[in-house]
Structure formats: C-alpha cells, structure tokens
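As structure tokens, the structure follows; a few thoughts come after it.
The values are calculated or read from the model by the stated rules, or taken from the named source; none is laboratory data. Everything numeric here is computed off the predicted structure, so don't read it as measured data. Don't worry about glycine lacking a Cβ; one is built from the backbone with ideal geometry, like all the others, and counts go over all protein chains shown.
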Amino acid sequence: MRWLYDSEDETLGFVIAPVQWSGGAWWFDESALRVEAVEGFWIEHPWTSNEACPAPAVTPARDGELQESPAEPQAPGTVPEPTLAIGQVFLTDGPRRGRRDGTAYEAVLRVPPEELDASKGFRLRISGRLARGTGATPMACRQAADGRQRPVCLISTIIDEVAIENGASGETLAAWSTSGRAAPAVAPET
C-alpha cells in the first residue's frame, strides 16, 4: 500500500496493488493447470497479532533519558523475503467475481492538514472467508529444494471487501466490495 498527502490540495491518496501469481507459483502438480490466477497480498509481519506498528526499541542513555536504539545493519543479501500471502484463487472454469486483473484499489480523500493523523500509519483490512485453493485445505506451501529456508505459504480466501483504516483512530477511510467494480465507499466528510 502506498499513500501520499498533498498539503497544498489537502488530499490524501492511496494506491493498493494486489499481487498476481500464476498457479505454478504455488502448486507443482497438475492442479496448477486448473488455476487461471491468484490475486492477493503479502502479509508483512505474520508472526505478530498486534495491529499497530511496534514501538521502536529504546536503550538507556548516559544521562538517564531513554533514546531510540539504532537499527542493527543487516548483512548484504539478507533482506527477509515475504513468507505468508493471503489471496483469492481463480480457477479456469470458475467465476471471476472480485478479479482485479492488475487494477489497483485507489482512493483520494479531502483531508485538511489539522485533521490528518498518520501517526500510527494506515492499515489494510481484508474481509472474507477461507476457501479451498485447489485441494482439500485452504493452505498451500512451497519449500526451497535444500530445506534451509522457511516455507512460503498462501492462505486461500474468498475476498469480500478490501478497506483502508486509520491506524490512530480505527476509522475506515475507504472500502471496496469485490462484488463489483464501482467506486469505493468513502467515509463521509466532517
């Protein structure tokens, strides 16, 4: 999700581009041939249930005040790769309801500077239900050949709604129903 605030125009814009995968990205048998596309999102921090961004680590300073700990540099080539995705599987002979075909979710809202609170960022909320991918379970995982890396997994879903929430207030700023391609439902101006 990308967002931009234009203080001159007093607009807050969002662009949310779903990732598109082929069936072969997740399944390595004949079931991949039944998949036309998978559309979804990577979950950046799947190991936490906290909805807010973590507070920066702090260490005691020499004068007794707390200060932010500097981030430890990562060794070259060790940028963590995503390991968990949530997405909707579109079968070759199935319905296309909710399929984006590369079209991003976009919204532009009028927000005066004094009403903008991006202190806790913005959240992407995905509502729907679990669904079978191509097999008996909603989960598909792939493992590197040498087995030394974490598996990369997909949770198959039927996505009913995608929304943007303000992390500080919890207010829904924009929402899209996947049943149609109409303009997003936007929170009323105050």
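Condition test on Gly64, is it modelled with pLDDT under 85, in a loop (DSSP other than H, G, I, E, B) and out of contact with any His (no Cβ under 9 Å at 6 or more places or on another chain)? Taking the combined requirement at face value, the residue satisfies it. Consider region 113-132 and keep the residues that are among the small types (Gly, Ala, Ser) and under 14 Å from Arg2 (Cα atoms). The one that is farthest from the chain's Cα centre (by Cα) is Ala118.
Tell me which residues, restricted to region 142-172, are polar (S, T, N, Q) and surrounded by fewer than 15 Cβ atoms within 10 Å (Cβ to Cβ).
Scanning region 142-172 gives Gln143, Gln149, Ser169.
Pairs needed: first member in region 171-182, among the aromatic types (Phe, Trp, Tyr); second member anywhere, at pLDDT below 90; C-beta distance under 8 Å; at least 6 residues apart or different chains. Listed by first residue and then by second, the contacts come to Trp176/Pro184; Trp176/Ala185. Within region 1-14, if we keep just the residues that are surrounded by 13 or more Cβ atoms within 10 Å (Cβ to Cβ) and not charged (D, E, K, R), the residue that is nearest to the chain's Cα centre (by Cα) turns out to be Met1.
Annotation: of all residues in region 123-141 being among the aliphatic types (A, V, I, L, M) and in a loop (DSSP other than H, G, I, E, B), the one that is surrounded by the most Cβ atoms within 10 Å (Cβ to Cβ) is Ala131.
Okay, residues lined up against (1) assigned to a helix (DSSP H, G or I); (2) more than 22 Å from Arg100 (Cβ to Cβ); (3) of a type outside the set (Asp, Glu):
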position: Asp9; (1), (2), (3): no, yes, no
position: Phe14; (1), (2), (3): no, no, yes
position: Val38; (1), (2), (3): no, no, yes
position: Pro46; (1), (2), (3): no, yes, yes
position: Ser49; (1), (2), (3): no, yes, yes
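Within region 15-49, being surrounded by fewer than 14 Cβ atoms within 10 Å (Cβ to Cβ) and among the hydrophobic types (A, V, I, L, M, F, W, C) holds for Val15, Val19, Phe28, Leu33, Trp47. Please find, within region 173-187, the residue that is modelled with the lowest pLDDT out of those that are buried (at least 16 other Cβ atoms within 10 Å of the Cβ) and under 21 Å from Gln88 (Cβ atoms). Looking at residues that are buried (at least 16 other Cβ atoms within 10 Å of the Cβ) and under 21 Å from Gln88 (Cβ atoms), I get Pro184. Residues in region 111-133 that are in contact with a Leu (Cβ under 8 Å, 6 or more places away or on another chain) and within 15 Å of Glu165 (Cα to Cα): Val111, Leu116, Phe122. If you go through region 82-112 and keep only what is among the hydroxyl-bearing types (Ser, Thr, Tyr), surrounded by fewer than 12 Cβ atoms within 10 Å (Cβ to Cβ) and under 21 Å from the mean Cα position of the chain (by Cα), you end up with just Thr103. Among the residues of region 77-106, those identified as among the acidic types (Asp, Glu) and over 18 Å from Ala25 (Cα atoms) are Asp93, Glu106.
Going residue by residue through region 68-79, is there one that turns out to be modelled with pLDDT of 55 or more and under 20 Å from Arg129 (Cα atoms)? No, that holds for no residue.
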